[in-house]
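One structure is given below, encoded as structure tokens.
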Amino acid sequence: MLFTDYILLFSCMIGISLYGLYKTRKSRKKEQTAREAMVGSDISVPSATLAMCSGFISSISVLGFPAEVYYQGGMMLWYAPMYFISFPLVAYVFLPVLYKLKLTTIYEYFERRFNYNCRFVTTLLFCVQMMLYNSVALYAPSLAIATITKIPITISILITAILSAVYISVGGAKAGIHTSAIQMALIIFTMAFIVSMSVYQMGLKDIFDSITTGKRLILNDFRINPTIRHSVWSLVIGGTGNILSLFGANQLSVQRCLAMPSLEKAQRVLLWTIICNSVILFLYVSVGFSMYTFYKDCHPMIGNANELLPQFVIDVISSTPGSVGLFAAAVYSAGISTLCASFTAVSSILINDVWNVFRKHKKQAPLSSTDVHKAMRILPIFLSFISIFVAMLCSMLQGIILQVSFIVFGAGGGPVLGSFVIGLFLPRVKGIAAFIGLLASIVACFSISFGSVLVKVKPVQLELGQCVNSTMSFYDNSHIGEVTSTPLAYGFDRIFAVSYQYYSVIGIVSNVFVAYITQLILDVCTPIRDHSEICLELVSPLLASSAPHTTQHDPEPKQHNCTQQETLPC
């Protein structure tokens, strides 16, 4: 990196930090409630939209998506039509119930609808899920910065984690949202700059001819085989499950919507997120195509796939002063925005779903607003040290980090989304059955995900430049999209070879199926059948609108006991 690159990198990071703190200090003329400290408040639609995208369009996707396209082709473009299916479902099916309940954390819903056991398991699952994801999200920008600047990756990990924790500790949840919005804008600008420079140097025709000849533009894989890693069906069906679990059943995303002043504005955020995600998806795929065009004759010497984009930036656009610094700032921004959102979400979960619940069981008063503010300053620092430790282990990752993140969220998010589906649409299912279904789906998802690691499921790569992969003299087109695995007796390894895109769908289906069957068995075997009714505010508006004698009522948490007219018979 040149001196100008370092100037641009530090200027971007300092400027974004000061902006977030300014917006937070400006709003502190009025005292925040405990809920506002944990979730945020008074956020504009554009800021919330960009912040929503930044939660999962992070350094993982900045490095992982282009590398995925380079190695496996552009089938990921099928995520675009899936956005138009999944985000409206989140906005008009899941969000109205969660928003009107005025929840601090979405996992409170499970205690109200089912029992405390469901709330505890989903809370624990979210915390484990996010700490694993944090570590990968922390490792990704640190790897990129280490590749570009030659700074040791350990130092880079420490800087990224501590800076993220300081954002939240000093500025609170609102500072995290504002800085995430600016960081997302920086990511979009940087990726557009890389695409523009690539087209300028290589030309559109050369890029198109290269990706066509190199089989990167194959978009018509309609094979129904569930082991095909990226088919139209796995991306549209499995991708819809992934997006629903990420944006409709995950505290990290839903907290952005809960910070909006009205349900209508929260829904507008989700609809605008369709456009934001589609734009960044197109840019990622374009960068992947550009990388293949540049390296089609000679695959670069890199340690693992996650170093490909940083190497491309050095090889192609580093001649432009400040370009490498801009890319470094974007990657850092992507990592920090994700970590800020995650530290806020996990901190609010620990305070609201663990600490306050513990005090409630001990018959102690809930934490005061002052105590919550103090905890929201201390917890991010503690979480950052845990993330640093696990991120050190991520240096052993040889696979594409994008797939690792999808495995984490698919296996962990699917069961939680299944419980939301049961709560919203199956009023017959009660606490015990819901809890058994949740546990069964967790076992199913993690058995398959861990099994895929044990049998060493790996995708069959498309042909790369011969200067490195000189042993590949012939490529069989019939293997495109397939995966290899260690053979097991009776072909059991193919169970674990199912596409990771389906993990969330497996979690949803197994949860709903087991919970419903269990409830039917309990209804038959239990001498005294449970005829309890469900509050209308806890089920989907589609069911509530069809129920007789419904009334409007205050959805505040402290007033959630239903009257006879506000219940749905089971």
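The values are calculated or read from the model by the stated rules, or taken from the named source; none is laboratory data. A quick note: this is a predicted structure, and the numbers were derived from the prediction, not measured. Here Cβ is always computed from backbone atoms with ideal geometry, including for glycine, and neighbour counts include all displayed protein chains. With ligands, DNA and RNA removed, areas are computed over all heavy atoms of the protein, side chains included. Shrake-Rupley method; radii C 1.70, N 1.55, O 1.52, S 1.80 Å.
Counting only protein heavy atoms and using a 1.4 Å probe, the accessible area of THR518 comes to about 20 Å².
Go through HIS361, HIS299 and list them by solvent-accessible area, largest first, probe radius 1.4 Å.
Sorted by accessible area, descending: HIS361, HIS299.
Between TYR490 and ILE381, the modelled labels are 5.6 nm apart [label points 7 Å from Cα along Cα→Cβ]. If you take all other residues with their beta carbon under 9 Å from the beta carbon of THR227, and give Lys and Arg +1 and Asp and Glu -1, the sum is +1. Taking the protein heavy atoms of the stretch 218-291 in the context of the full set of protein chains, the accessible area attributed to carbon and sulfur is 73 percent at 1.4 Å.
Solvent-accessible area of PHE94, all protein chains in place: 10 Å² (probe radius 1.4 Å, heavy atoms, ligands and nucleic acids excluded). Charge tally for LEU271 (other residues, Cβ to Cβ under 11 Å; Lys, Arg +1; Asp, Glu -1): +1. Here the gap between LEU542 and LEU454, fully extended at 0.36 nm per residue and compared with their Cα-Cα distance, gives a gain of 27.4 nm. At the residue level, ILE224 shows approximately 140 square angstrom of accessible surface with a 1.4 angstrom probe and all protein chains present. The accessible-area ordering, largest first, of the residues GLU108, GLU463 stands as GLU463, GLU108, per a 1.4 angstrom probe. When VAL121, VAL69 are compared by accessible area at a 1.4 angstrom probe, the order from most to least is VAL121, VAL69.
Lysine pairs in the stretch 44-396 with Cα distance under 18 Å, only those 8 or more apart or on different chains: how many are there? Close lysine pairs under the 18 Å cut-off: 8. Other residues whose C-beta falls under 12 angstrom from the C-beta of PHE294 contribute a net charge of -2, scoring Lys and Arg +1 and Asp and Glu -1. Each 20 Å bin from zero up to the one holding the largest Cα-Cα distance in the stretch 44-396 carries the following percent of pairs: 29, 57, 13, 0.
Counting 0.36 nm for each residue step from ASP523 to CYS467 and taking away their Cα separation leaves a gain of 13.5 nm.
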